[in-house]
Amino acid sequence: MRPRGGPRPALDWEEIERLARRRLGGEERLGPARTRRLEALYARLAAEVRPVFLEVVGGLPGGASLPSFQALDRVGWLDVNTRIMRRAIDPLLAANPVPNSLLTELGRAGMDRYVAVILAFLSRRVLGQFDPQLFGKEPVEPSGLYLVEPNIAAWEAEAKVPGEELRRWLILHEMTHAWQFAAHPWLRDHLNASLEGVLALGRERGLLARGLALTVGLPRQMGALRQMQATMSLVEGYSNLVMNLAGRRVLPAFDELERAYRQRTRERSLLETLFLKLTGLDLKMQQYERGEAFSRLVHERHGMAVLNQAWERAENLPRPEELGDSERWYGRVIAPSTPGRRAPRPAPAH
């Protein structure tokens with residue numbers, strides 16, 4: 001623990017990227033020409049599904065627009081997400097400097113490897129992504145809306161599904177994320193405020209202040225964390241719902257794609273399942289499943305206009321306990337402003 005002198009960051013992002021790239025091995029890059037062709041393809045596919053998509057979600061406010069899709073290879077995805085993580089984490093680390101020592105160097109080396117392993121793993125799994133530009137920052141790449149082409153192509157070959165329809169399906173999901181933030185500008189500010197609340201503990205200075213934050217302030221922070229998780233569950237679950245509602249209308253191979261997706265989710269190797277549990281990523285996936293179940297129930301019983309009330313303001317977002325009880329959310333948010341509330345329609349059988 002003896003100070004060794006000289007400032008050193010708590011995370012070495014260059015080392016993280018080097019370690020993650022090494023785990024990827026000799027990944028083939030897309031190259032400028034192929035990237036342009038893919039992005040032209042994505043633009044055409046997005047234009048083809050956009051009218052039905054906007055009809056399903058209820059339109060786009062005047063002055064709002066959806067970004068175009070950018071093609072990434074696995075190394076490109078790794079680069080983008082390293083910068084996204086650095087943008088979010090560095091301010092917190094800078095506010096809590098730790099004296100450099102042999103102990104902190106060992107801890108840094110372990111954390112660098114941990115983050116690199118997770119990024120390398122995800123770079124082979126993620127199919128698409130939207131960067132909501134939190135903390136008031138611009139996207140680290142021009143559009144903030146990405147498809148990871150090598151992963152899509154690998155899944156296309158493995159599942160033997162139609163390539164253009166698969167990409168349209170994924171475009172519907174990521175386009176929904178872009179719509180959520182473009183049509184509801186308050187959502188970004190709300191998530192920023194939620195993140196600030198969650199990270200406030202790490203910013204406390206002094207032994208007394210930090211002790212109070214860990215005791216008196218901890219329930220409030222845990223509540224903020226649970227609410228943020230509930231919000232992200234809705235963000236992802238709603239996107240899955242829209243992907244499926246619009247997909248059934250515009251994709252002839254929709255049933256085939258959905259079966260392939262469910263199979264991809266179920267048939268994980270033992271090693272992959274263990275990795276997901278050790279890193280906590282399986283809990284994140286369970287949250288998204290809860291968000292999709294909530295969104296589907298509200299839509300089936302009350303319609304999309306009612307479900308979209310969740311995007312009107314922060315107070316309308318489902319609370320953690322309401323994700324598993326959509327009628328409780330309806331009673332809190334919708335019923336008070338709906339004279340003569342009707343009993344919910346029973347959910348259709350599947």
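Spin-label model, A154/A88: points 7 Å from Cα along the beta carbon direction are separated by 2.3 nm.
The stretch between E164 and R34 holds 45.2 nm of extra length on full extension. This uses 0.36 nm per residue minus the Cα-Cα distance.
Every read-out reported here was derived from the displayed coordinates using simple, explicitly stated rules and does not represent laboratory data. What you see is a predicted model; the values in this text were computed from it and never measured. For neighbour counting, all protein chains shown are included, and Cβ atoms are generated from backbone atoms with ideal geometry for every residue, glycine included.
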